[in-house]
1. Would you point out which residue out of Tyr163, Tyr178, Tyr144, Tyr187 is among the aromatic types (Phe, Trp, Tyr), outside the structural domain of Val38 (by TED's automatic domain parsing), over 24 Å from Val22 (Cβ atoms) and within 15 Å of the chain's Cα centre (by Cα)?
2. Quick one: is Ala184 touching a residue at least 24 places away in the same chain (Cβ under 8 Å), closer than 22 Å to Lys114 by Cβ and of a type in the set (A, V, I, L, M, F, W, C)?
3. Given the conditions (1) farther than 27 Å from Ser31 by Cβ; (2) in contact with a strand residue (DSSP E or B) (Cβ under 9 Å, 6 or more places away or on another chain); (3) exposed (fewer than 12 other Cβ atoms within 10 Å of the Cβ), and given that Glu167 satisfies all but one, which numbered condition is not satisfied?
4. Can you go through Leu124, Leu198, Leu113 and tell me which one is within 21 Å of the chain's Cα centre (by Cα) and without any contact (Cβ under 8 Å) to a residue 40 or more places away in the chain?
Amino acid sequence: MIKFKALSFVLLTYSISAFSSVTNDDFDRCSQFLDKIVASSNATLIKELKVDRSLIKADIDSVNGNDINAKVQFNKMQSTDTPGEGFLLWVKYDYIKFNLEDVTIDPDNPEKLKFDNRYASVYLNCLNKKVIYRVNGVSRLQFYKDNKLSIPEAGVFILPGEYVEVERSSRGASYVKYQAKDGAVYYLWVDSSRIQKLTPSEIKN
């Protein structure tokens, strides 16, 4: 979550983004997806310190065009007495080109980072105020080739908690776009009852 801190803290400022409709509130509301992008990265300190990735937060400091500059921390609470506690690194993320860089040491010669690209399109869709859908339930979700859900796509599943884009629905089935961790993109049918439309509060939390 973007927090505005007084006195000793830098006031967050934003320039006009590549999408003029993206607001400060959008960056705040969609912050969990930026956290996931950074937490899934191969940043050296995250690996060396064996940080619990679920605690990693990317606090946006500024946005210039489509470049987000963020301070990455990993503790649950930041104290006004020890504001640097839990600091890991500074990153720059281009939310249009899906490019993540470590700019901690030398911003002019950043280190390009790898990360789980499944979250990149979800973050972009969230910023553009598109509906976000997540797979619910406790078991793997089977993909099908037809809207009657009678012809399964062999070996292609999606796990609960992952995200899809719903293209259209028909009689209890939804035609979805899904990007796998390896970068492969699938357009297939799934059981609509396993697709959950996230509320604004669920996205923010």
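1. Details: Tyr163 fails: over 24 Å from Val22 (Cβ atoms); Tyr144 fails: within 15 Å of the chain's Cα centre (by Cα); Tyr187 fails: within 15 Å of the chain's Cα centre (by Cα).
The unique qualifying residue is Tyr178.
2. Against the criterion (touching a residue at least 24 places away in the same chain (Cβ under 8 Å), closer than 22 Å to Lys114 by Cβ and of a type in the set (A, V, I, L, M, F, W, C)), Ala184 does not qualify.
3. Unmet for Glu167, out of (1) farther than 27 Å from Ser31 by Cβ; (2) in contact with a strand residue (DSSP E or B) (Cβ under 9 Å, 6 or more places away or on another chain); (3) exposed (fewer than 12 other Cβ atoms within 10 Å of the Cβ): (1).
4. Just a single option satisfies the conditions, and that option is Leu124.
The values are calculated or read from the model by the stated rules, or taken from the named source; none is laboratory data. What you see is a predicted model; the values in this text were computed from it and never measured. Backbone-built Cβ (ideal geometry, glycine too); neighbour counts: all protein chains shown.
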